[in-house]
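Q: Please read through the structure below; I'll follow up with questions.
The values are calculated or read from the model by the stated rules, or taken from the named source; none is laboratory data. Here the structure is a predicted model, which means the values were calculated and not measured. Here Cβ is always computed from backbone atoms with ideal geometry, including for glycine, and neighbour counts include all displayed protein chains. Each accessible area value is taken on the protein alone, full model and side chains, heavy atoms only, with ligands, DNA and RNA left out. Shrake-Rupley method; radii C 1.70, N 1.55, O 1.52, S 1.80 Å.
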Amino acid sequence: MTVIERAREVLTLHEKTEHHAVEQLAPHNELAPVQIRLFEPGADELKQKIRALRIDEMRPVEALRFLEDLQREIG
């Protein structure tokens, strides 16, 4: 078995797992995953915050807090 064949098998497994998780978590059996649309109007502020990040200088806790704040803003 080649590396590429194995990678395809792993990808297929992950895709099936993702679809199963979405089916279980989607309200009212809506299968569309929730995503932030970065290219719609109004997302400029979010894009600026992400661009301003200095990821290499962040501690893991700081990154989690940043994500938590973003989640509160969009949620």
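Q: Tell me, please, whether a residue that is open to solvent by less than 100 Å² (accessible area, probe 1.4 Å) and modelled with pLDDT of 85 or more can be found in the range 12-20.
A: Yes, the range 12-20 contains a residue that is open to solvent by less than 100 Å² (accessible area, probe 1.4 Å) and modelled with pLDDT of 85 or more.
Q: Next question, about the same structure. Looking at LEU38, LEU64, which is the one that is modelled with pLDDT of 90 or more and either of a type in the set (A, V, I, L, M, F, W, C) or touching a Ser or Thr at 6+ places or on another chain (Cβ under 6 Å) (or both)?
A: Of LEU38, LEU64, the one residue that is modelled with pLDDT of 90 or more and either of a type in the set (A, V, I, L, M, F, W, C) or touching a Ser or Thr at 6+ places or on another chain (Cβ under 6 Å) (or both) is LEU64.
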